1. Being not acidic (Asp, Glu) and not in a strand (DSSP E or B) is the filter here, so list the residues in segment 44-70 that pass it.
2. Give segment 13-41 a look and list any residue that's farther than 25 Å from residue 66 by Cβ and aliphatic (A, V, I, L, M), or say none.
3. Collect the residues in segment 83-113 that are within 24 Å of residue 20 (Cβ to Cβ) and either among the β-branched types (Val, Ile, Thr) or at pLDDT 90 or above (or both), keeping them in residue-number order.
4. If a residue has to be of a type in the set (A, V, I, L, M) and free of Cβ contacts under 8 Å to residues at least 12 places away in the same chain to count, how many in segment 36-70 make the cut?
5. Using the structure shown, decide if residue 25 is farther than 17 Å from residue 5 by Cβ, assigned to a loop (DSSP other than H, G, I, E, B) and under 13 Å from the mean Cα position of the chain (by Cα).
6. Within segment 71-113, restricting attention to residues that are touching a residue at least 60 places away in the same chain (Cβ under 8 Å) and assigned to a loop (DSSP other than H, G, I, E, B), which residue is surrounded by the most Cβ atoms within 10 Å (Cβ to Cβ)?
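The values are calculated or read from the model by the stated rules, or taken from the named source; none is laboratory data. If you're wondering where the values come from, they're calculated on a predicted model, not measured in any experiment. Cβ sites come from the backbone with ideal geometry, for glycine too, and all protein chains shown count toward neighbours.
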Amino acid sequence: MIQVKNWLKAGQRFNVVWKFEAEDKTIFVNAANTFDVAGDATKDYKLSVYALKACQAKLELVFKNPTTHEFLSFKINITVQPPDPMTKIDLQSVVRESVTKLITIENPLATQV
């Protein structure tokens, strides 16, 4: 959550733009492109960041009023930790007997990796 304060007495509608300092196709942002704040009020802006790998990234978030051209800018440092294992696959067999298990892994990216 990012707290956005409206410094005017009247309500404002902001156009929201975000940009990563270094492009990384494994990090995704999910948030609204426009944001309304009532006059002389503070409102929370929800920003969700998803990553497919552990990494660090820098994100610039800009709220711009298209009428007055005034803006708010935030610089956010993001650290993504590696995930905890979902399950443990236990393969057991008698000595000299082979055991197989099919594990399907889907690629979440549009390009092959």
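1. Those that are not acidic (Asp, Glu) and not in a strand (DSSP E or B): 46, 47, 52, 53, 54, 65, 66, 67, 68, 69.
2. 22, 27
3. Once the filter is applied, which keeps residues that are within 24 Å of residue 20 (Cβ to Cβ) and either among the β-branched types (Val, Ile, Thr) or at pLDDT 90 or above (or both), segment 83-113 yields 111, 113.
4. Qualifying residue count, segment 36-70: 0.
5. yes
6. Filtering segment 71-113 for residues that are touching a residue at least 60 places away in the same chain (Cβ under 8 Å) and assigned to a loop (DSSP other than H, G, I, E, B), the one surrounded by the most Cβ atoms within 10 Å (Cβ to Cβ) comes out as 109.
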